[in-house]
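Engineer: Below is a structure I'd like to ask you about.
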Amino acid sequence: MELTIAIKNDKLVGDIWGGLAAMLVALPSAIAFGVTIYASIGPAYAGLGALAGILGATALGLVAPSLGGTNRLITAPCAPAAAVLSAFAIELVHQDIDPMFVVLMLTALGLVAGVIQLLLGLAGIGSLIKYIPFPVVSGYLTGVGLIIIGSQIPKLLGVFGGQSLWRTLISPEMWQWQSAVIGVVTATVMLTAPLITRVVPAAILGLLAGILTYFGLALFVDESLLIVEGNKLIIGPLGGSAMSMFEAVVGRWRDIGELKLSQIGSLMGTALTLAVLLSIDTLKTAVVLDALTRSRHDSNRELVAQGLANVTSACVGGMPGAGQMGATLVNLASGGQTRASGVVEGVLALVAFLVLGAFIAWIPVAALAGILIVVGIRMIDRHSLQLLQSPWTMLDFVVILAVVAVALGYSLIAASAVGIALAMFLFIREQLTSTIIHSKADSSSRFSKRVRLAHEMKALEQRGHQSVILELQGSLFFGTKDQLYTALEAELSKRSFIVIDMRRVQSVDVTAVHMLTQIRDSLQQRGAVMVFSDLTHTLPNGRNIAELFEQMALTTTTESVKVFAQLDDAIEWVEDQLLGEDLAHAAELPPLEIYEMEIFKDTKEDSLIALVESLERCSVAKNDKVFLAGDPADRLYLIRKGAVRITTHVPGTDTHRHRLTYGRGDFIGGLSFVTRGSSFTADATALEDSELYVLRRENFDRLCEEHRRLGFQLMEAIAKVLALRLSYADKELLATQS
């Protein structure tokens, strides 16, 4: 009991310290993001933006970890939200929309994005969003980073009023050197701080350096900087009190209620993009957290929690956010253990809002710009340059550039569409350049597990060219249809049997099935047969190949198509056809006598008489065991009639794996008999009613004493057959590897 309480106390202490450290990282960024968004409306709205950032950090910190299932995950306003909302605000400003209506539309946008996230989680889409291709995600991150940098450079240089980056850069007369000094000092300290200490977050040290620089300039250079009213270089008053927070909540609900349905509908495209970006950001952070803590998050539950958190944030006037990588890692490093650390971060953000509102008003806009420029630089995926080192990944880099270019030149919405479209193109390209033929062989080099006699093997070598065995792999769809047709076309005129194994196929579409139907019809015209194997397995997409083939009437309308459960069964059937009709009537033939067996074809009659006296005869009914694994390997079995299948047990299961099948005129147990093995390692089961000769080891030893030459001949005959089997096995192995 005491141990349990101690563990809980340790976790609580760790969560408090982790939440505090996370708040110190997340809050400056949240304020900076909020100022970035609302300053796009006008300098007078910077304070409202800082308030939105703080309220967002509070609401997200309280709601997301309370409902989500990912321990240590910190949810706060983030860069993708800042980029999308800033671009949205700038677009509305250029349309001469009333500033207060722009504020209302920003709130509605966050609300709709949160609802979309909630619906994505409830629909189970969370499991799919994390599979968006890396080049698209890389392009997103780089594009967002560049957008943030471009939007912050004018603020760092003290140029306000919504001036463009290019206009700012070519108009140095508009720059305010005090602002530039503050921003550069902030960014420099933030970049170099980790080299000196990691106890205090770099963003906090950078922000403190920027504030100290501001007041240093105010005291020693320009005393007008100490005036709050009309000072564009600082955030300005927030109105940070409990009453102002209550008024913000009530005001947001009243204003949102006045929005028309058509106005909300116009937000859907941007809201969907924002929801997807926030979801990707969250799930990416959760995946990294899983890897570091050896845990596993629930993507859909997390999206539901994030959606509700963003809805709550919008309702109280805060900006939306996502699971934030930097704050989460700081939380983990500082001792955070559970979801409570995220709640602590939200509570402390609220305390900062209520207690430090007056102080936050003095934060320089340029200091926040310096912090965001560093954040933007870190978001740029510099590692993607490695894709230029190989021609195989060059097109992936082109996708990244395309996403970045569209994001900068047009919008993140269009960039998402372009990225997904190009990713689909890359997938199709990959499928087109990969071969769908895993292996190709004919019946003269690829054999079934049915052990044939020497003369039968020679016949298969001579007639094997009449068949071809194709093992397919990958995806059979409209993109690989021509490749498959080219592979089969060369076989149509010269093969009587075309065996197609589908075991390694991952997907099949209607176009590929239609093409196979055309191949079947061509074979039918010349009396050839198409043979399929492994059709019943379920594809990764949940579809069953056999059902699709039946639906398209590929395997059900003609006798020219045969279907087998396994490739070995298909090959065995083809071998039987090549060897002639007499194999089909083997069950009707009488049991072989000893002199009729191929192994004794060169043995003299008087020797065979002596051998017969040493043999026992036995009958084994269908499905009965001839011997079991573990039985003494002290006898040789000669099959007079029927067939025997050899199987081995699969450890840990109730199944047996088919190894070989021996038929009429063959023998089993030869290797153990020659090497004097102690016990059998497999089971032998009669496939049909069978008749066998049995030569026991003790009888053979007695036979050798009386007829040494006969014993030597028998061993030599067994060894020759075993060697022949080995040579064919080597030949087949080489054929499968080629």
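Engineer: Any idea which of Val694, Val674, Val650, Val626 is touching a Leu at 6+ places or on another chain (Cβ under 8 Å) and closer than 30 Å to Ala565 by Cα?
Structural biologist: Answer to the selection: Val626.
Engineer: For segment 664-708: of the residues being more than 19 Å from Ile639 (Cβ to Cβ) and in a loop (DSSP other than H, G, I, E, B), which is modelled with the lowest pLDDT?
Structural biologist: Checked segment 664-708; the qualifying residue modelled with the lowest pLDDT is Gly677.
Engineer: Tell me, please, whether a residue that is surrounded by 14 or more Cβ atoms within 10 Å (Cβ to Cβ), over 24 Å from Glu698 (Cβ atoms), polar (S, T, N, Q) and in the same structural domain as Asp701 (by TED's automatic domain parsing) can be found in segment 622-636.
Structural biologist: So far as segment 622-636 goes, no, none of its residues is surrounded by 14 or more Cβ atoms within 10 Å (Cβ to Cβ), over 24 Å from Glu698 (Cβ atoms), polar (S, T, N, Q) and in the same structural domain as Asp701 (by TED's automatic domain parsing).
Engineer: Just need a number here: residues in segment 182-218 that are part of a loop (DSSP other than H, G, I, E, B) and among the polar types (S, T, N, Q).
Structural biologist: Number of matching residues: 1.
Engineer: If you check Ser445, Ser522, Ser507, which single one turns out to be assigned to a loop (DSSP other than H, G, I, E, B) and either under 30 Å from Ala402 (Cβ atoms) or of a type in the set (S, T, N, Q) (or both)?
Structural biologist: Exactly one of Ser445, Ser522, Ser507 is assigned to a loop (DSSP other than H, G, I, E, B) and either under 30 Å from Ala402 (Cβ atoms) or of a type in the set (S, T, N, Q) (or both), namely Ser445.
Engineer: What number of residues within segment 605-617 are of a type outside the set (A, V, I, L, M) and surrounded by 13 or more Cβ atoms within 10 Å (Cβ to Cβ)?
Structural biologist: Number satisfying all stated conditions: 2.
Engineer: Something else now. Does segment 81-101 contain at least one residue that is in the same structural domain as Val403 (by TED's automatic domain parsing) and touching a strand residue (DSSP E or B) at 6+ places or on another chain (Cβ under 8 Å)?
Structural biologist: Looking through segment 81-101, at least one residue is in the same structural domain as Val403 (by TED's automatic domain parsing) and touching a strand residue (DSSP E or B) at 6+ places or on another chain (Cβ under 8 Å).
Engineer: While we're looking at this one, here's another question. Considering only residues of segment 14-54 that are within 38 Å of the chain's Cα centre (by Cα) and surrounded by fewer than 24 Cβ atoms within 10 Å (Cβ to Cβ), which is nearest to Val365 (Cα to Cα)?
Structural biologist: Of everything passing the filter in segment 14-54, Leu24 is nearest to Val365 (Cα to Cα).
Engineer: Now, a different point. Checking Thr603 against (1) within 30 Å of Gly464 (Cα to Cα); (2) assigned to a loop (DSSP other than H, G, I, E, B); (3) modelled with pLDDT under 85, which single condition isn't satisfied?
Structural biologist: (1)
Engineer: May I ask you to verify whether Ile41 is among the aliphatic types (A, V, I, L, M), farther than 14 Å from Val316 by Cα and part of a helix (DSSP H, G or I)?
Structural biologist: Criteria not met by Ile41.
Engineer: What number of residues within segment 604-649 are closer than 22 Å to Thr675 by Cβ and among the hydroxyl-bearing types (Ser, Thr, Tyr)?
Structural biologist: Total satisfying the criteria: 4.
Engineer: Run down Asp654, Asp576 and say which single residue is closer than 23 Å to Met457 by Cβ and free of Cβ contacts under 8 Å to residues at least 24 places away in the same chain.
Structural biologist: On inspection, the qualifying residue turns out to be Asp576.
Engineer: Quick one: which of Gly183, Gly150, Gly158 is more than 18 Å from Ile41 (Cα to Cα) and surrounded by 15 or more Cβ atoms within 10 Å (Cβ to Cβ)?
Structural biologist: The conditions single out Gly183.
Engineer: Next up: Filter segment 427-439 down to the residues that are surrounded by 16 or more Cβ atoms within 10 Å (Cβ to Cβ) and not hydroxyl-bearing (Ser, Thr, Tyr), then identify the one that is nearest to Leu724 (Cα to Cα).
Structural biologist: Selected residue: Ile436.
Engineer: Only one of (1) modelled with pLDDT of 80 or more; (2) β-branched (Val, Ile, Thr); (3) surrounded by fewer than 14 Cβ atoms within 10 Å (Cβ to Cβ) fails for Thr661. Which number is that?
Structural biologist: That leaves (3) as the condition not met.
Engineer: Hey, among Glu613, Glu559, which residue is assigned to a helix (DSSP H, G or I) and charged (D, E, K, R)?
Structural biologist: Selected residue: Glu613, the only one of Glu613, Glu559 that is assigned to a helix (DSSP H, G or I) and charged (D, E, K, R).
Engineer: Only residues that are outside any loop (DSSP other than H, G, I, E, B) and free of Cβ contacts under 8 Å to residues at least 40 places away in the same chain: list them for segment 530-539, please.
Structural biologist: Met530, Phe532, Ser533, Thr538, listed by residue number.
Engineer: Related question: Evaluate the following for Leu111: is it crowded, with 22+ Cβ neighbours inside 10 Å, touching a Cys at 6+ places or on another chain (Cβ under 8 Å) and over 30 Å from Leu387 (Cβ atoms)?
Structural biologist: yes
Engineer: Moving on. Go through the residues of segment 124-141 one by one and say whether even a single one is surrounded by 15 or more Cβ atoms within 10 Å (Cβ to Cβ), charged (D, E, K, R) and on the phi < 0 side of the Ramachandran plot.
Structural biologist: yes
Engineer: Out of the residues in segment 87-106 meeting the condition of being free of Cβ contacts under 8 Å to residues at least 60 places away in the same chain and within 37 Å of the chain's Cα centre (by Cα), tell me which one is surrounded by the most Cβ atoms within 10 Å (Cβ to Cβ).
Structural biologist: For segment 87-106, the residue satisfying everything is Ala89.
The values are calculated or read from the model by the stated rules, or taken from the named source; none is laboratory data. These figures come from a predicted structure and were not determined experimentally. All Cβ positions, glycine included, derive from the backbone under ideal geometry; neighbour counts span all protein chains shown.
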